[in-house]
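Colleague: Here it is, the structure, as C-alpha cells.
The values are calculated or read from the model by the stated rules, or taken from the named source; none is laboratory data. Since the model is a prediction, treat every value here as computed from it, not as a measurement. We place every Cβ from the backbone using ideal geometry, glycine too, and count neighbours over all the protein chains shown. Note: accessible area is taken over every heavy atom of the protein model, side chains too, but ligands, DNA and RNA are not part of it. Shrake-Rupley method; radii C 1.70, N 1.55, O 1.52, S 1.80 Å.
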Number of protein chains: 2
Amino acid sequence: MMNFTFTRKTRETMNDKNSTTLYTRRNFLTAGAGLAATAAFSPYVIGRTKAKDKLGVALVGLGYYSTDLLAPALQLTKNCYLAGIVTGTPAKAEAWKEKYKILDKNIYNYQTFDQIANNPDIDVVYVVLPPSMHREYVVRAAKAGKHVWCEKPMAPTVADCKAMIEACEKNKQKLAIGYRNLHDPNMQAWMKLAKEGTLGKPRLVNCAAAYVDNRTTHWKQKKDMGGGVMGDMGVYSIQGARHAIGEEPMLVTAHFFNNRPEIYHEVEETSMYQMHFPSGALSNCTASFGINSNFLKVNYEKGTLMMEPFSSYSGNKGTYSGGVINIPVPLNNQQANQMDDDALAIMQNKPLIAPGEEGMRDIKVVEAIYEAAKTGKEVKIG
Amino acid sequence: MMNFTFTRKTRETMNDKNSTTLYTRRNFLTAGAGLAATAAFSPYVIGRTKAKDKLGVALVGLGYYSTDLLAPALQLTKNCYLAGIVTGTPAKAEAWKEKYKILDKNIYNYQTFDQIANNPDIDVVYVVLPPSMHREYVVRAAKAGKHVWCEKPMAPTVADCKAMIEACEKNKQKLAIGYRNLHDPNMQAWMKLAKEGTLGKPRLVNCAAAYVDNRTTHWKQKKDMGGGVMGDMGVYSIQGARHAIGEEPMLVTAHFFNNRPEIYHEVEETSMYQMHFPSGALSNCTASFGINSNFLKVNYEKGTLMMEPFSSYSGNKGTYSGGVINIPVPLNNQQANQMDDDALAIMQNKPLIAPGEEGMRDIKVVEAIYEAAKTGKEVKIG
C-alpha cells in the first residue's frame, strides 16, 4: 500500500527548490542583488519598472464564475490579487468596487478595455467571457502587453486557439488556460502515477464529467456564444483520458443525446464519445448537462485506478489497485491554487501547467468530436 | 449503512417457501400424496413415468466451457447431475465416460443425437455448441421432448431466437439461457436494490465486460460460427444496463475498434456502444476481447452504485452510496448455482430466471448494435 503524503509545505518547498529564489513572496525584499542577472530570462520583468511579489489580476466578465468562484478565490491567493475589473454593467462595477475596494482607475468597460495597456497595476487579464469572445479579448489583452489567463473552453475552434497563442507569443505575454483541475494535488499525484508506469500501460479509460444544468439562457445553451457540453464538461473527460494514456488521440467517434430539446435545441445536452490512441489504448467518455456523474476509471495492464469525484469543485479523490490517492492538503480552493501556480510561473518565468497549447489540444479533439457526431463516422485527428 | 445478509440457508428457505413442497431433494420421498394435485401445472411431470429429485443433464459440445466449467459444476449441483454427453469426438467420449462414470447408453454423437428422445435418464439437454449451431440443436432437443438449456449468446439473430422459443413452446419444454451472472446472489441483491428505487431513478450506466482473448481459431473469432465480442461479452454489459434501468432500450449507437486485425479480422475485437432508454436514462458500455475490465457503474438520482468485479467467474461485488453489497454466500461455483436454480424451476414448474425471452431481449440489442456500428447512425429498436 503506497501513500502520497505531500503536504502544502512540501509543495512550496518543491517550488522554491526549482525557483530562481528571486520572486517568491517571502524572499523578494532581500533578493535585489540578483535581479539583473535573471531579468533577461523573465518576460514578466522586461518592460516593467519594478518586479512585484504579487501580480495584479483584472477579471474580464463578471458572470457567475467570476462572482462566485474567482473573486472569492482571489481573496485567498498569495501570488496574485484582484486588482481590476472589466464589465459592461455599471451597477456591477459599483458593487464590486465597494465589495473588493477596487480603485476607480482599475475599472474598465468594453469601450475602454484597451487602455488597460497603460495601467501598471494590472499584470494579468483573466478572460472569463463566453467562449465565443475569448479570442477577441485574449488578443486585445496580449496587444495591451498583459499576460492572459483564459477560462476554459479555450475557444470554439482550433483556428481561434492558434490565433490566441500567436498573439501572446508575438507580444511576449504568457497565456494560461483556466484548467483548475490540473492544479489539484490529488490529480497531479495520479498523473505522476500514470506517467511512472507503476501499473503498466493504460488500456482503457472510462470517464464522465457531467452535472445537471437547468439554465436556459446561459452561454452553455447558446451555440453562437460557444456553448454545448463538449467545451464545458467535455474537456475534463478528454483531458482525463489524454493524461491517463499519455498520448494524443488519433481518432474519435461520438454521438449526442438530447433529453430536453426545450433547453438544449442549439447545442448538445449529452455527448458520448470514444478516443483511440496510437498505442491501442481506448477511452469511452461521457459529458452531460443532464446527468450528475463525475469519475475517471483507468484500466492499466497491471491494475486499475478510480477517481471519484473527478473534476468536481471540491477536488479529486482516488483509489487504485496499489492503494489510495488522497493527498492530505487542505485544498481550500481549486481556483486559488490555479491562480497562485500560474502567477508564480509568470513571476519565475517557469513553464505553465496549462499553457495555450494544452487548451488547444483539447479543442482539437472537441472539433473532431463535433464532426464525428455529425457524420456518425470515425474522424482522424491530424 | 444497509447490509444484505442472505445466507445460503436463507435462500433455500425462500425457495422452499414459494414452492409446492413436492420436488425439492430433501422432501421428495415423503411427498407422494400431493403429486397428482400439482402434476397438471408441471410440464416436467407430464409424460414422465415418475418425478425425480434430480434432473439428468446431457451436455452437447465438449469444448472448454463444458470441460473446465460445466462438468466440474455438475459435480456440485444438488438438483441436477451430469447424466449424458453428446460429442463428435470418440476420444472425448471415452475420456468423459471414464472420468464421470457416464453410462454407454447416455453417450451420443451428432448422428445419433435425436435418439435422446427415448432416453428417460436425460431430462435436460444443455447446448454448449458455437452460437451458430444453437438454433438447430435447441429445436432438435425440444422436438426430442427434452427441456433445453442454451449457452449464451442465445443465437446470432432474433429470428433464430424466435424459432427456438417457438419450438420449445410447441413441444412444451422449458428453455433457459446459460446466464450464470443472473444467478449470482450479489447480482440479485443489486437488481433488487435497483428495482426498489432506493436511490431514485437511474440516469447513467457505465459498464465494461472485457477480457483479453488471444486465441485465433475459437468460434469467438469466427463470424460464421456466431463469434464477435458483442454476443460473448456484450450481452453482459447490455444486461447490466437493462437491469439497472429496468427498461428496454429504444435506440442504440455503436462503434467497433480492432487493435489486432491479425486475430480479429472477421469479427469485432472491441465494441463501444450506447443505449438510450424511454425514461431518458443512458448507458455507455464497452465489450472487448483486447482489454481486461469488468465493472458496472450506475448513477441514480440520489446515489451511485459500483460493482467490480462484474460478470467475472468469481462473482460480483458491489458498493453503493448507501453501503456495501456483498452477500456472504460461499459462492463456490456460479455455474452450479445457475443449473441448480434452473433445474429447481423446471421441477417446480416455476418461472425461470433467464428464459429464452430474456436471451432474445439481449440479441435484439446486439442485432441493432451491429447495424449501428455498420452505418454509424442511431438504430431504433422496435
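Colleague: Report yes if B:Glu378 is open to solvent by less than 20 Å² (accessible area, probe 1.4 Å) and of a type outside the set (Ser, Thr, Tyr), otherwise no.
Modeller: Criteria not met by B:Glu378.
Colleague: What strands (runs of 3 or more DSSP E) lie completely within segment B:112-178 and have 2 or more residues being closer than 15 Å to B:Val86 by Cβ?
Modeller: So the answer is B:124-127, B:147-150.
Colleague: Continuing with the same structure: Which members of segment B:181-201 meet the condition of being charged (D, E, K, R) and either on the phi > 0 side of the Ramachandran plot or open to solvent by 10 Å² or more (accessible area, probe 1.4 Å) (or both)?
Modeller: B:Lys192, B:Lys195, B:Glu196, B:Lys201
Colleague: Scan segment B:87-107 and tell me whether some residue there is open to solvent by 20 Å² or more (accessible area, probe 1.4 Å), at pLDDT 95 or above, within 18 Å of B:Ala141 (Cβ to Cβ) and assigned to a strand (DSSP E or B).
Modeller: Yes - at least one qualifying residue is present in segment B:87-107.
Colleague: Next question, about the same structure. Select, from A:Val324, A:Val267, the only residue that is within 20 Å of A:Val158 (Cβ to Cβ), more than 14 Å from chain B (Cβ to nearest Cβ) and over 21 Å from the mean Cα position of the chain (by Cα).
Modeller: None of the other options fit; the residue is A:Val267.
Colleague: Among the listed residues A:Ala244, A:Ala254, identify the single one that is part of a strand (DSSP E or B) and surrounded by 24 or more Cβ atoms within 10 Å (Cβ to Cβ).
Modeller: Among A:Ala244, A:Ala254, only A:Ala254 is part of a strand (DSSP E or B) and surrounded by 24 or more Cβ atoms within 10 Å (Cβ to Cβ).
Colleague: Regarding A:Gln274, is this residue polar (S, T, N, Q) and under 30 Å from A:Val148 (Cα atoms)?
Modeller: no
Colleague: While we're looking at this one, here's another question. Please go through (1) out of contact with any Ser or Thr (no Cβ under 7 Å at 6 or more places or on another chain); (2) within 14 Å of chain B (Cβ to nearest Cβ); (3) in contact (Cβ under 8 Å) with a residue 40 or more places away in the chain; (4) not in a strand (DSSP E or B) for A:Ala372 and return the number of the only condition it doesn't satisfy.
Modeller: (1) is the only condition that A:Ala372 fails.
Colleague: So, of the residues in segment A:179-201 that are more than 21 Å from the chain's Cα centre (by Cα) and without any contact (Cβ under 8 Å) to a residue 24 or more places away in the chain, which turns out to be nearest to A:Asn299 (Cα to Cα)?
Modeller: So the residue we want is A:Gly197.
Colleague: Being closer than 20 Å to B:Leu182 by Cβ and away from chain A (no Cβ under 14 Å) narrows it down to one residue among B:Gln239, B:Gln221; which is it?
Modeller: None of the other options fit; the residue is B:Gln239.
Colleague: Here's a follow-up. List the residue pairs whose Cβ atoms are under 6 Å apart, where the first residue sits in segment B:347-369 and is acidic (Asp, Glu), the second is open to solvent by 10 Å² or more (accessible area, probe 1.4 Å), and the two are 6 or more positions apart or on different chains.
Modeller: Listed pairs, sorted by first residue: B:Glu367/B:Val158.
Colleague: Next up: Suppose the filter is open to solvent by less than 10 Å² (accessible area, probe 1.4 Å) and among the aliphatic types (A, V, I, L, M); does B:Ile116 pass it?
Modeller: Yes; evaluated as a whole, the condition is true for this residue.
Colleague: Is there a residue being among the aromatic types (Phe, Trp, Tyr) and open to solvent by less than 20 Å² (accessible area, probe 1.4 Å) anywhere in segment B:273-287?
Modeller: yes
Colleague: Of the residues in segment B:179-219, how many are assigned to a helix (DSSP H, G or I) and among the hydrophobic types (A, V, I, L, M, F, W, C)?
Modeller: Selection size over segment B:179-219: 8.
Colleague: Only residues that are touching a residue at least 12 places away in the same chain (Cβ under 8 Å) and open to solvent by 10 Å² or more (accessible area, probe 1.4 Å): list them for segment A:164-178, please.
Modeller: Passing the criteria: A:Ile165, A:Ala167, A:Lys170, A:Asn171, A:Lys172, A:Gln173, A:Lys174, A:Leu175.
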